[in-house]
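Have a look at the structure below, then the notes.
Values in this text are rule-based calculations from the coordinates and carry no lab data. It should be emphasised that the depicted structure is a prediction, and the values quoted were computed from it without experimental measurement. Cβ: placed from backbone, ideal geometry, glycine included. Neighbour counts: every protein chain shown.
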Amino acid sequence: MTRSLRLAVLLASLVATGCLPYTIGNTAQTTPKGEISKTTTAGFAIGVGGRFADSNTVSPQANLLLSDQEIRFGIDDGADIGLRITSASGLVGNLKRRHSGANHVDSAAFATSIGVGIVNFASHALFEGALHFSGGRRPTGIPYGAVKVMHTVPISRGALRDDPSAGAAFGWRFGDADVSIAPEIAVWYDRPVSGIRTGNVVVVPSITLKGLSFLPRIFR
């Protein structure tokens with residue numbers, strides 16, 4: 001395999017792996033009716049690099065930078081809808097419904113969400129579903145977690161077919177409803193389909209900001 005071909009295949013693999021919404025970034029609470037919340041997330045997908053199938057060399061970029069921006073609209077007292085831009089290469093919409101917990105940002109809650117979108121530079125359609133849990137406010141903040149499943153379906157010629165991916169995330173939100181910071185760690189089982197990545201596990205540490213920003217947000 002030539003150097004240029006290896007590079008092309010590596011880039012294709014990173015696009016196919018790194019542009020999915022691996023992070024959660026929110027508690028199980030929904031955005032209050034009539035209100036809008038905006039967040040920006042930055043993180044790394046650790047494990048998306050790996051060994052070429054016919055080479056003993058290791059990709060120098062074993063980690064892939066992720067950057068998502070999301071806006072959520074409260075549609076009633078127990079549900080909101082979200083629109084997320086995934087690493088500047090996809091757009092995903094989802095509906096989250098709270099099933100238990102008081103209608104207050106600091107209350108413990110349980111919620112479910114379903115979503116659909118276009119990812120990997122319009123080469124795949126994405127379908128996702130998640131269970132969300134969060135505790136009540138503690139002196140140091142609010143713990144939250146989620147279990148999520150995603151599946152991509154090729155919609156462009158030559159796009160790779162993939163198996164469903166499943167993951168779990170745990171995070172802690174510091175701050176209040178207007179300004180917060182939420183470090184998070186997620187672990188995903190995501191079987192490689194290109195033959196480049198050798199492992200099935202992707203670890204995703206991230207941090208989500210609300211009322212703050214790493215860079216100017218797209219949503220204003």
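Numbers for the structure displayed
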item	result
Potential extension, Ile36-Phe121 segment - 0.36 nm per residue separation minus Cα distance	27.9 nm
Rule-of-thumb Rg ratio for segment 124-173 [Cα; 2.2 N^0.38 Å; N residues]	1.63
Cα pair count fraction exceeding 15 Å, expressed as % - segment 123-210	67 percent
Highest average packing first - 174-181, 154-161, 21-28, Cβ atoms within 10 Å	21-28, 174-181, 154-161
Full-extension gain in nm, His104 to Ala177, via 0.36 nm per residue minus C-alpha separation	25.3 nm
